[in-house]
C-alpha cells in the first residue's frame, strides 16, 4: 500500500496524467459547447500538460522542489485557452505546497489540491460554477476529508475521483448551456482524466483507459443552438500572449494593474504569473491597446489573436440551417452533366460525379449528405459497384441515410420520381425500392480487350450492348448495336424508351436514332436526352 510519494513517482504520475489526457483529448474536445475560438478544451489542456511534461523531463533530479518548479513553469508556458490557463493555475497552487516537502503523504497531497483550487479561483476574474473550477473545488474538499481517514493513496485517490465524477455529472444542472447540449463540463472531464492518470500510475496499471461519456448521447458538434438564443459577441478578439524579459522598473504591482486595465477593455481576463513570466488571456475589441499595456511591462512572446465574431457568424449560419431543416433530402451519383441536371430537375439536392469508371468513396457520399439541410437523406448509387460504399457512408454521417440500391441511372431516376415530400421515411423508401422494378436498363460501350464472354467473341474496340447482368449485343457501329440491345430489352408492356446520349455522341446522331426507334416502336414514347457521360455512348431506359 502506497503511503508516500517521492519525486521519482511524482514524475511518473505527471507523465501518466498527460498520457491519459492525450488518449482522451478528442472526447474532451467533443464536450465543449462554448462558442469561442479557444473551445478545443481537451487539446488545450493536453498541450498545457505536454509543455509541463517537457519541462519536467528537462529537470535532471527528483528533488520535489526542482520537480514542482519545472512542472508549474512548463504548464504556465504551454497554457492554451481558458481551460489550459486554469489548468496551469491549478498546477501552480498544487506545486506551491508540494515543493515545500521532501516526500508527500495524503494530507500534503490534499492540501496541494486545495491550494490548486484556491489559486485557480483567484486567477479567474468572474468564477463560474459548473466548470472545471467547481470540479477542482469539490475534489479538494473531498481530499481534505479523505486524508483524515486514509493514510494510503489507493483509498485516498478512489474517494477523490468518485467525488469528482459525482460533481462533474451535476454540472449540467449548474449551467443551462450544458444541460441543453446534454454534456458535462469539458474542462471538468479533462481534470478527472489527468487525476485518473495519476491514480493509474500509482496503482501500476496500464494507461489505456478511454473515458466514455456515451450516456450523454450527444457531442458539441451535434448541438445547434436556437437562432434566437445566440447572443451577439460583445468583445470580438480572443487575445493571448506571454510577457517575458520584464523591464527593470516592472514590479508585481504592475502585473495587478495590468489585470485591472484589461478588465476595463474586455472580459474573460486571465493575467497570471510573476516577474519571470506573465500569461495573459482577454476577449477585447482593442487587442492593440491590450498589447500596448503589456509592452509597458516587458517583451511579448507567443502572441495569438483570433476573431470570435467570425465563429459567431458560423454558429448563426448553422442555426439558420437548423431552422430551415427539411424532413427529406436526396443524393444521386451522376456520371455526366446532363444526367446531373436531370436529377436536379427532379429535386435531388446533391449530385456526386461518378460511375462505372470513377466510383465515389463512402466519404464522398457522406460529405454530400452532410451538405443537405435535411434529417433524412436518400442515396441513389446508380451503379452496383457503388452500393457498398453508400452503405458504408452511414457510419460517416449523423444523417439518417437510406440507400436505395439503384444499379443504373434509369433506376435512380425512377426512384427519384417516386419521392413524395409529404411521405414518411419508410413510405418513401418502400416506394423508391418498388420503383426499381418498373424500369429496364441498358448501356452501350466498347470492349477494352479481346475475349469470349456471354457467347460473344469480342475484339478490342468492338461496340457492345449490355444490361446489368450480361452482354446482349455487339457490332461495329453504335446505332445498330443500340437497336439490337433495345430489341432484347423491350417488352410488350413498354411505353417509354429514353436514350441518354454520352459525350462522344453528337446530338444529330442521337436524334436520328430516336426517329428510327419511334418508327420501329410506334406504341412507345421515344426520347433522346443529353447525358454527357464518358465511356458509355448510350444509357437506355425502358419503362
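The values are calculated or read from the model by the stated rules, or taken from the named source; none is laboratory data. In this text the structure is predicted, and so the values were computed from the model without any measurement. A quick note on method: Cβ atoms are made from the backbone with ideal geometry, for glycine too, and the neighbour counts reach across all protein chains shown.
Which residue, of 463, 433, is surrounded by 22 or more Cβ atoms within 10 Å (Cβ to Cβ) and modelled with pLDDT of 95 or more? Steps first, please.
Working: 433 fails: surrounded by 22 or more Cβ atoms within 10 Å (Cβ to Cβ).
Result: 463 is the single residue among 463, 433 that is surrounded by 22 or more Cβ atoms within 10 Å (Cβ to Cβ) and modelled with pLDDT of 95 or more.
Restricting to the stretch 343-366, and then to whatever is out of contact with any strand residue (DSSP E or B) (no Cβ under 9 Å at 6 or more places or on another chain) and free of Cβ contacts under 8 Å to residues at least 24 places away in the same chain, can you tell me which residue is farthest from residue 381 (Cα to Cα)?
For the stretch 343-366, the residue satisfying everything is 345.
Being within 35 Å of the chain's Cα centre (by Cα) and closer than 26 Å to residue 498 by Cα is true for just one of 434, 415. Which residue is that?
Answer to the check: 415.
Right, residue 469: more than 16 Å from residue 348 (Cα to Cα) and free of Cβ contacts under 8 Å to residues at least 24 places away in the same chain or not?
Numbers: more than 16 Å from residue 348 (Cα to Cα): yes; free of Cβ contacts under 8 Å to residues at least 24 places away in the same chain: yes.
Considered against the rule, which asks whether it is more than 16 Å from residue 348 (Cα to Cα) and free of Cβ contacts under 8 Å to residues at least 24 places away in the same chain, residue 469 comes out as yes.
Test of understanding: among 411, 427, which residue is without any contact (Cβ under 8 Å) to a residue 12 or more places away in the chain and outside any strand (DSSP E or B)? Lay out the reasoning, then the answer.
Working: 411 fails: without any contact (Cβ under 8 Å) to a residue 12 or more places away in the chain.
The match here is 427.
Is there any pair with a first residue in the stretch 373-402 that is at positive phi and a second that is in a helix (DSSP H, G or I) whose Cβ atoms are under 6 Å apart and which are 6 or more apart or on different chains, and what are they?
From the stretch 373-402, the pairs are 382/409; 382/412.
For residues that are within 47 Å of the chain's Cα centre (by Cα) and more than 17 Å from residue 484 (Cβ to Cβ), scanning just the stretch 443-460, find the one that is surrounded by the fewest Cβ atoms within 10 Å (Cβ to Cβ).
Only one residue tops the list, namely 449.
Could you tell me whether the stretch 320-342 includes any residue that is touching a strand residue (DSSP E or B) at 6+ places or on another chain (Cβ under 7 Å) and under 26 Å from residue 87 (Cα atoms)?
No, the stretch 320-342 contains no residue that is touching a strand residue (DSSP E or B) at 6+ places or on another chain (Cβ under 7 Å) and under 26 Å from residue 87 (Cα atoms).
Quick check: anything in the stretch 340-362 closer than 30 Å to residue 532 by Cβ, assigned to a helix (DSSP H, G or I) and within 28 Å of the chain's Cα centre (by Cα)? Steps first, please.
Going through the stretch 340-362, the residues closer than 30 Å to residue 532 by Cβ turn out to be 340-362.
Going one step further and asking which of them are assigned to a helix (DSSP H, G or I), we end up with 340-345, 362.
Add one more test, that the residue is within 28 Å of the chain's Cα centre (by Cα), and what stays is 362.
Scanning the stretch 340-362 turns up at least one residue that is closer than 30 Å to residue 532 by Cβ, assigned to a helix (DSSP H, G or I) and within 28 Å of the chain's Cα centre (by Cα).
Which residue out of 369, 390 is crowded, with 23+ Cβ neighbours inside 10 Å and under 18 Å from the mean Cα position of the chain (by Cα)?
Working: 390 fails: under 18 Å from the mean Cα position of the chain (by Cα).
Testing whether each residue is crowded, with 23+ Cβ neighbours inside 10 Å and under 18 Å from the mean Cα position of the chain (by Cα) leaves just 369.
Would the stretch 125-144 turn up any residue that is touching a strand residue (DSSP E or B) at 6+ places or on another chain (Cβ under 7 Å) and touching a residue at least 40 places away in the same chain (Cβ under 8 Å)?
Checked the stretch 125-144: at least one residue is touching a strand residue (DSSP E or B) at 6+ places or on another chain (Cβ under 7 Å) and touching a residue at least 40 places away in the same chain (Cβ under 8 Å).
Any residue that is touching a strand residue (DSSP E or B) at 6+ places or on another chain (Cβ under 8 Å), under 21 Å from residue 18 (Cβ atoms) and crowded, with 21+ Cβ neighbours inside 10 Å - is there at least one of those in the stretch 145-158? I'd like the intermediate steps shown before the answer.
Taking the stretch 145-158 first, the residues touching a strand residue (DSSP E or B) at 6+ places or on another chain (Cβ under 8 Å) are 153.
In the following step, the residues that additionally are under 21 Å from residue 18 (Cβ atoms) were identified as 153.
If we keep only those that are crowded, with 21+ Cβ neighbours inside 10 Å as well, we get 153.
Yes, the stretch 145-158 has at least one match.
Only residues that are surrounded by fewer than 19 Cβ atoms within 10 Å (Cβ to Cβ), part of a loop (DSSP other than H, G, I, E, B) and in contact (Cβ under 8 Å) with a residue 12 or more places away in the chain: list them for the stretch 497-531, please.
503, 504, 521, 523, 524 - these are the residues of the stretch 497-531 that are surrounded by fewer than 19 Cβ atoms within 10 Å (Cβ to Cβ), part of a loop (DSSP other than H, G, I, E, B) and in contact (Cβ under 8 Å) with a residue 12 or more places away in the chain.
With the structure loaded, tell me whether residue 486 is part of a strand (DSSP E or B) and under 23 Å from residue 439 (Cα atoms) or whether it fails that test.
It is false that residue 486 is part of a strand (DSSP E or B) and under 23 Å from residue 439 (Cα atoms).
Tell me yes or no: at least one residue of the stretch 81-94 is without any contact (Cβ under 8 Å) to a residue 60 or more places away in the chain and surrounded by fewer than 22 Cβ atoms within 10 Å (Cβ to Cβ). Break it down stepwise before answering.
The first filter runs over the stretch 81-94 and keeps only residues without any contact (Cβ under 8 Å) to a residue 60 or more places away in the chain, leaving 84, 91, 93-94.
With surrounded by fewer than 22 Cβ atoms within 10 Å (Cβ to Cβ) added as a condition, the list becomes none.
So far as the stretch 81-94 goes, no, none of its residues is without any contact (Cβ under 8 Å) to a residue 60 or more places away in the chain and surrounded by fewer than 22 Cβ atoms within 10 Å (Cβ to Cβ).
Which residues, counting only those in the stretch 370-383, are modelled with pLDDT under 95 and out of contact with any helix residue (DSSP H, G or I) (no Cβ under 6 Å at 6 or more places or on another chain)?
Matches in the stretch 370-383: 370, 371, 372, 374, 375, 383.
Look through 510, 494 and report the one residue that is more than 45 Å from the chain's Cα centre (by Cα) and under 20 Å from residue 334 (Cβ atoms).
Working: 494 fails: under 20 Å from residue 334 (Cβ atoms).
Only one candidate passes the filter, namely 510.
Filter the stretch 237-275 down to residues that are in contact (Cβ under 8 Å) with a residue 60 or more places away in the chain and not in a strand (DSSP E or B) and give me whichever is nearest to residue 90 (Cα to Cα).
259
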